[in-house]
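Q: First the structure, then my questions, so here it is.
The values are calculated or read from the model by the stated rules, or taken from the named source; none is laboratory data. What you are looking at is a predicted structure, and each value in this text was computed from that prediction instead of being measured. Positions of Cβ are generated from backbone atoms using ideal geometry, with glycine treated the same way; all protein chains shown enter the neighbour counts.
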Amino acid sequence: MNTCRIETPRTCAEASALLQALPDARVLAGGTDVVVRLKDQLIWPPLVEISRLAELHGMTEVDGWLRLGALSTWTEIERAALTARHADVLVEAAREVGSPQIRNRGTLGGNVANASPAGDSLPALIVLDAELELRGTQSTRRVAVAQFCCAPGKTVLAHDELIVAIWVPVRAGWRGAFVRLGQRAALAISKVSVAVRVLRADGIVQDSRITLGAVAPTVLRVPEAEAVLRGQRLSAAVMQAAAEVVCAAARPITDIRSNEPYRRAMCGELLQRALARLAEPTNPSDPSDPSDPSDKIT
Amino acid sequence: MMIRFTLNGTAVALETPGSKRVLDLLRDECGLTGTKEGCGKGECGACTILLDGRVANACLLLACQADGHEIVTIEGLEHAGQLAPIQQAFVDEGAVQCGFCIPGMVLAAHALLAGQPQPTDDEIKRGLAGNLCRCTGYRKIIAAVRRTAQAGNA
Ligand SMILES: Cc1cc2nc3c(=O)[nH]c(=O)nc-3n(C[C@H](O)[C@H](O)[C@H](O)COP(=O)(O)OP(=O)(O)OC[C@H]3O[C@@H](n4cnc5c(N)ncnc54)[C@H](O)[C@@H]3O)c2cc1C
Ligand code: FES
Ligand code: FES
């Protein structure tokens, strides 16, 4: 078994200083990606274990934003009242991840930092217009999740920086859905995923966000499909038209999990499923449903 | 590094590499071999333990991450020679064949019932989705969980 240097800092400043001092160090959060990846390596890099950093834990609502500590687990996201109110689409993504074991340990920050094109947090966070709070030895900065990943596994994160929190703007009236397809329901990485969020007034779409996961090197937002929805009711014809646009926009590859034509076709199918769910009448007695009651008319 | 944690109700302090997997710590240093290694990468659930009351894969958990926490393994479920109700239900339903998946399966069922005392069949399947069984076909496992829920003494 491998032995490597383990650091267990107590403050963000200490953690960043350690990362700066150890150029080959890796951050260890829940470990559900890191440990799998290190498993077969003979030599392990130093690990900076971050569970003792209080600022990375917890969820709060502050000045019109929902702040999710980077160490929020999928299970916490799935169950919290705050995420149910303000981040419906992220809750749906959380429900799809791995298994209970993985959801109990895997964190939101770890999923984002991983920058996998198939990572389930990214499509959901981008339709939420979420931002990341990044802190290094010198400064703290905010970066939109949409600007964070540059290529599979590549991000704008500097080596001494940590993702401290994920910030989601609180917006009334929006409703979202996340739909994904894997080899099987549990313990499978997404072949294709679709996240969508719409704002409607009297059943008419005022604004929307549509993203596709696992069909391009990074998550793809599809403004052309959003334009199709604008000013329309979510009728079968409108959903079909938007589906055709996302199929054309996808840039999928053939790999071990799926092939190009199937992935492309499934983008449209999953978008239609997601939109059909949003077109259903909402339940006004459900306190977790922040949507405009006028949605019922659709 | 010095790792302090609670193991099946008893406080433990061990000097061990912080990068050692909890799976190896339990099996090799604590002599608790009920926790199994199947895939070693989070996919089969044979290594399932309870960490602070929630299921976790011991194959993905490093010793430094257990420090200060509470672990329950399959050995910790029985009390004074008496099987926990969920264990007895596995026996009564004949839900065990080779047995390799069973420690993890029982702990996952136990944690599920602690959170949802009356799960639907879909909730049972979702609660056990991280545990693979090559033998039983799952039906009797689900029946054992249902039986425990019905008896209301999870
Ligand atoms: C069996 C199995 C099934 C899975 N299923 C899914 C799935 O369905 N969907 C999905 O999206 N993923 C899935 N995953 C991948 C993984 O569980 C998730 O990506 C998880 O959210 C990672 O979080 P973590 O805390 O475990 O990350 P870790 O493994 O601890 O870290 C992941 C990466 O992020 C870095 N990092 C972590 N936290 C921070 C931080 N705060 N600041 C800076 N860098 C950081 C680490 O250095 C590392 O590079 C699965 C994994 C396994 C083993
Ligand atoms: S051995 Fe841990 S999940 Fe398979
Ligand atoms: S009883 Fe053999 S693997 Fe489940």
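Q: Just to be sure, is A:G153 touching a residue at least 24 places away in the same chain (Cβ under 8 Å), within 21 Å of A:V89 (Cα to Cα) and surrounded by fewer than 20 Cβ atoms within 10 Å (Cβ to Cβ)?
A: no
Q: Okay, moving on. Looking at A:Q138, is it surrounded by fewer than 16 Cβ atoms within 10 Å (Cβ to Cβ) and either touching a strand residue (DSSP E or B) at 6+ places or on another chain (Cβ under 8 Å) or part of a strand (DSSP E or B) (or both)? Give the derivation first.
A: Details: surrounded by fewer than 16 Cβ atoms within 10 Å (Cβ to Cβ): yes; either touching a strand residue (DSSP E or B) at 6+ places or on another chain (Cβ under 8 Å) or part of a strand (DSSP E or B) (or both): no.
No; evaluated as a whole, the condition is false for this residue.
Q: Condition (residue is at pLDDT 95 or above, away from ligand 1 (no atom under 12 Å from the Cβ) and not in a loop (DSSP other than H, G, I, E, B)) applied to the range A:34-56: is it met by at least one residue?
A: Scanning the range A:34-56, I find at least one residue that is at pLDDT 95 or above, away from ligand 1 (no atom under 12 Å from the Cβ) and not in a loop (DSSP other than H, G, I, E, B), so the answer is yes.
Q: To continue, here is another question. What's the number of the condition A:R85 fails, among (1) in a loop (DSSP other than H, G, I, E, B); (2) more than 16 Å from ligand 2 (Cβ to nearest atom)?
A: Among (1) in a loop (DSSP other than H, G, I, E, B); (2) more than 16 Å from ligand 2 (Cβ to nearest atom), A:R85 violates only (1).
Q: Also: I want to confirm something. Restricting to the range B:128-154 and keeping residues that are among the polar types (S, T, N, Q) and away from ligand 3 (no atom under 16 Å from the Cβ), which single residue is nearest to the other protein chains (Cβ to nearest Cβ)? Steps first, please.
A: Residues of the range B:128-154 among the polar types (S, T, N, Q): B:131, B:136, B:148, B:150, B:153.
Filter once more, keeping what is away from ligand 3 (no atom under 16 Å from the Cβ): B:148, B:150, B:153.
Working: B:T148: 17, B:Q150: 22, B:N153: 22 Å.
Looking at residues that are among the polar types (S, T, N, Q) and away from ligand 3 (no atom under 16 Å from the Cβ), I get B:T148.
Q: Can you find even one residue in the range B:1-14 that is within 11 Å of chain A (Cβ to nearest Cβ), of a type outside the set (V, I, T) and more than 22 Å from A:T32 (Cβ to Cβ)?
A: no
Q: Looking at B:R4, B:R27, can you tell me which residue is surrounded by fewer than 20 Cβ atoms within 10 Å (Cβ to Cβ) and in a strand (DSSP E or B)? So that I can check it myself, show each step before the final result.
A: Details: B:R27 fails: in a strand (DSSP E or B).
None of the others qualify; the one that does is B:R4.
Q: Something else now. Could you identify the single residue in A:G31, A:G58, A:G69 that is surrounded by fewer than 18 Cβ atoms within 10 Å (Cβ to Cβ), of a type outside the set (A, V, I, L, M) and either under 30 Å from A:R171 (Cβ atoms) or within 11 Å of chain B (Cβ to nearest Cβ) (or both)?
A: Exactly one residue qualifies, and that residue is A:G58.
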